[in-house]
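Asker: Could you have a look at this structure, given as structure tokens, before my questions?
Bear in mind that the values in this text are calculations on the coordinates, not laboratory data. Because the structure is a prediction, the values reported are computed rather than measured. Neighbour counts run over all protein chains shown; Cβ positions are idealised from the backbone, glycine included.
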Amino acid sequence: RPHNLTINLYLTSSTATRAKMSAPAAVRVIGAFDSPFSHRAEVALRLKGVPYELILEELHNKSELLLTSNPVHKKVPVLLHGDRAVCESLIIVEYVDETFDGPRLLPSDPYDRAMARFWARFIDDKCSKPFWLAMWTDGEAQKGFMKEIKENFALLEAQLEGKRFFGGDTIGLVDIAACGFAHWLTVCEEVSGVTLVTAKEFPRLCRWAKEYASDEKVRACLPDRAQMLAHFTANKEMFMAMAKSMLPK
Amino acid sequence: MAGGGEEEAKLLGTWASPFVLRAQLALSFKGVSFENVNEDLCNKSDLLLRSNPVHKAVPVLIHNGRPVCESLVILQYVDETFGGPPLLPADPYERAIARFWAAFIMDKLVAPWQKVFTTKTEEEKAEWMEQTLAAVDVLEGGLKECSKGGSFFGGDNVGYVDVVLGGAVPWIYGTEALCGTRLFDTSRVPLLAAWLERFGALDVAKAVMADVPTRLVELAKMKRAEAAAGAAASLPFDC
């Protein structure tokens, strides 16, 4: 088990939380300190008021538990619920929504659910990679990725029209999927020196980022910003090398 | 559940796309009557561009005048909106497992597989084929886990993952014709080889797939001849 970083968290809720399962089973999240994917799993549980234990991995030294719980991908997060292992962050969010009582994370209407799933996938398939590459590459390639990610951010900006969150009045699947742009984005901008999102260009996205990151339940499982800043600064060279290796040949 | 049978359901697609095919399979297994609208991807219709402004891609399901895009999103929408046998199981954990394998098929199998046809050099093609085959090996384990002794990922009946993979069935035959590689070879992946036969023998699958496998094999042979003559490789459903 990773040393020093294992945190045991038991939330107490003033209202009784009735789990949909017949008998409550222990909930654990295998995660990593500043992984937005790991945050997605945690925030889903917190929004539902489900107590859980957080097991932090050091990704260069993966635990037996992680390797046996996610043998296919060997990645965080993994949700352990009793003897069940659920992998892939957005799948975990849907599992949490369907398993536990509490505020809905996905809408009840099938069409609205389809829209939520569409935008969540858009974030992972079309935003993650150009965002990362826009931050850590340079020259002509970087300009290209900047253009691409800004075009995609403009689509997300449009989705926020008249809404507090992507999910409407409450945090939902798409907000959770977009968490990286609420909390990680400004850290990346600071460390890389690249300005991607300004309030002038993306007023709704900026307002949304503040709303999301300041929510009490979200805040409780966001990595400490100062620590993230130090960590990203220390890893800047590595991120740049990684980004370079991701460029098409 | 909405009485979706009477309202109009239109599917914008192309004949060779495995993503379109899986949407057609889902609608058909659910017993939904729908209209196929053929798109020319070199000359996209206004309807397609209006319905899928983000990706400008097929398939797009238009139901009650509203578009649903992205094949996995369409599959789940169809399952949740229309009556008929459920594609996803009722239990949340089993649903998570099904979604896991659907994502695996998309990210780890289809992604390198497409690259086999789009990359230029023989060396790159071989690398992508190796990755594809590695994913097939893992998927064999997935089928064992999901089928619980039954014939399909859905167990005794066709389910979500079967439909997701089902879209690729003609491409399995096309790949053998084009590259000479049998992806679901019975000596390497016996469960998947058996699945391929059983799935392909289903009345619904046969009706939906129709002559697509044959057409793809013909197209593949033509592409192989073109490649031998020095032409660049391309996927038949790209422009």
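Asker: Over the residues of the protein assembly as shown, compute the C-alpha Rg and express it relative to 2.2 N^0.38 Å. Provide the component values of the computation, followed by the final result.
Answerer: Numbers: Rg = 22.9 Å, N = 488, 2.2 N^0.38 = 23.1 Å.
Normalised Rg, Cα atoms only: 0.99.
Asker: Counting only Cα atoms, I'd like the Rg/Rh figure for segment B:64-114, Kirkwood definition for Rh. Don't skip to the answer; put the middle values down first.
Answerer: Details: Rg = 12.8 Å, Rh = 12.4 Å.
When Rh is taken as the Kirkwood radius, the ratio is 1.03.
Asker: Does chain A come out rounded, prolate or oblate by the C-alpha gyration tensor, with a ≥ b ≥ c the root eigenvalues, rounded set by a/c under 1.5 and, if not, prolate when a/b is larger than b/c and oblate if not?
Answerer: Details: a/c = 1.83, a/b = 1.27, b/c = 1.44.
Oblate, because a/c is 1.5 or more while a/b does not exceed b/c.
Asker: Right, here's the next one. Can you tell me which aspartates and glutamates have their Cα less than 12 Å from the Cα of B:Lys206? Leave out same-chain residues fewer than eight positions away.
Answerer: Once the sequence-local aspartates and glutamates are set aside, what remains near B:Lys206 is B:Glu197.
Asker: In addition: Under 20 Å Cα-Cα from B:Lys125, which aspartates and glutamates qualify once same-chain neighbours fewer than 8 residues away are excluded?
Answerer: Within the straight-line limit of under 20 Å, B:Lys125 reaches these aspartates and glutamates: B:Asp107, B:Asp137, B:Glu176, B:Asp185, B:Glu226, B:Asp238.
Asker: Taking the alpha-carbon centroid of each part, what is the distance from segment B:153-215 to segment A:86-106 in angstrom?
Answerer: 31 Å
Asker: Have a look at the DSSP beta bridges in the protein assembly as shown and tell me what percent are antiparallel, nearest 5. It would help to have the intermediate numbers written out before the result.
Answerer: On the way: 20 of 28 bridges.
The antiparallel proportion sits near 70 percent.
Asker: Counting DSSP beta bridges with both partners in segment A:27-99, what percentage is antiparallel, nearest 5?
Answerer: On the way: 8 of 12 bridges.
Taking every DSSP beta bridge with both residues in segment A:27-99, the antiparallel ones total about 65 percent.
Asker: Among A:Gly180, A:Gly82, A:Gly49, which one shows the highest mean-square fluctuation when chain A is modelled as a Gaussian network with alpha-carbon springs under 10 Å?
Answerer: Comparing A:Gly180, A:Gly82, A:Gly49 in a Gaussian network model of chain A, the most mobile one is A:Gly82.
Asker: Springs between alpha-carbon pairs under 10 angstrom, Gaussian network model over chain B: which of B:Glu122, B:Glu39, B:Glu218 fluctuates most?
Answerer: Judging by the Gaussian network model, the answer is B:Glu122.
Asker: Further question: Could you put B:Ile74, B:Ile105 in order, starting from the residue whose Cβ has the fewest other Cβ atoms within 10 Å?
Answerer: Numbers: B:Ile74 26, B:Ile105 23.
Ranking B:Ile74, B:Ile105 by Cβ neighbours within 10 Å, fewest first, gives B:Ile105, B:Ile74.
Asker: Let me ask another. Rounded if a/c is under 1.5, else prolate if a/b beats b/c, else oblate: with a ≥ b ≥ c from the C-alpha gyration tensor eigenvalues square-rooted, which is segment B:9-81?
Answerer: On the way: a/c = 1.73, a/b = 1.45, b/c = 1.20.
Prolate.
Asker: Could you give each residue of segment A:238-244 its phi-based ³J(HN,Hα) in whole Hz, using Karplus coefficients 6.51, -1.76, 1.60 with θ = phi - 60°, and x for Gly or Pro?
Answerer: So the Karplus estimates, Gly and Pro as x, are 5, 4, 5, 5, 4, 5, 4 Hz.
Asker: Once Rh is set to the Kirkwood radius over Cα pairs, what Stokes-Einstein translational diffusion coefficient, in µm²/s, holds for segment A:129-209 at a temperature of 4 °C and a viscosity of 1.567 mPa s?
Answerer: Numbers: Rh = 13.1 Å.
The estimated diffusion coefficient comes to 99 µm²/s.
Asker: Per residue of A:83-94, count partner chain C-beta atoms within 10 Å of its C-beta, then hand back the mean as an integer. Kindly include the intermediate steps, with their values, before the conclusion.
Answerer: Numbers: counts 0, 5, 4, 7, 6, 6, 0, 2, 8, 2, 0, 5.
Average per residue, whole number: 4.
Asker: Consider all pairwise Cα distances in segment B:92-229 and report the whole-number % of them above 21 Å.
Answerer: Values: 3979 of 9453 pairs.
Cα-Cα pairs in segment B:92-229 separated by more than 21 Å: 42 percent.
Asker: Return the long-range amide H neighbours of B:Val37 (sequence gap of 5 or more, or a different chain), with a cut-off of under 5 Å between placed amide H atoms.
Answerer: It is B:Leu11, B:Leu12, B:Gly13, by chain and number.
Asker: Top mean-square fluctuation among B:Ala229, B:Ala201, B:Ala210, Gaussian network model of chain B, C-alpha springs under 10 Å?
Answerer: Of B:Ala229, B:Ala201, B:Ala210, the most mobile in the Gaussian network model is B:Ala229.
Asker: Can you give the charge dipole size of chain A about its Cα centre, rounded to the nearest 20 debye, using +1 on the beta carbon of Lys and Arg and -1 on the beta carbon of Asp and Glu? If you can, show how the numbers build up before the last one.
Answerer: Working: 32 positive and 32 negative charges, 20 e Å.
So the dipole magnitude of chain A works out to roughly 100 debye.
Asker: Could you give the dipole magnitude of the protein assembly as shown about its Cα centre, charging the beta-carbon of Lys and Arg +1 and that of Asp and Glu -1, in debye to the nearest 20? Walk me through the numbers on the way to the answer.
Answerer: On the way: 55 positive and 63 negative charges, 98 e Å.
Computed about the Cα centre, the dipole is about 480 debye.
Asker: Something else: Nearest 10 degrees is fine. How inclined is helix A:36-48 to the longest principal axis of chain A, computing both from alpha carbons?
Answerer: Roughly 40 degrees, rounded to the nearest 10.
Asker: Near A:Lys143, which lysines are there with a Cα under 20 Å away, not counting those fewer than 8 places off in the same chain?
Answerer: Once the sequence-local lysines are set aside, what remains near A:Lys143 is A:Lys126, A:Lys129, A:Lys200, A:Lys236, A:Lys244, A:Lys249.
Asker: If you don't mind, there's one more thing I want to ask. Under 1.5 on a/c is rounded, so check that first for chain B, then, if it is not, pick prolate when a/b is larger than b/c and oblate when it is not; a ≥ b ≥ c are the square roots of the alpha carbon gyration tensor eigenvalues. Walk me through the intermediate numbers first.
Answerer: Numbers: a/c = 1.86, a/b = 1.16, b/c = 1.61.
Judged from the Cα gyration tensor, chain B comes out oblate (a/c at least 1.5, b/c at or above a/b).
Asker: Still on this structure, I have one more. Would you mind working out the magnitude of the charge dipole of segment B:92-229 relative to its Cα centre, with +1 at each Lys and Arg C-beta and -1 at each Asp and Glu C-beta, to the nearest 20 Debye? Mind dumping the intermediate values first?
Answerer: Numbers: 16 positive and 19 negative charges, 36 e Å.
Dipole magnitude for segment B:92-229 comes out near 180 debye.
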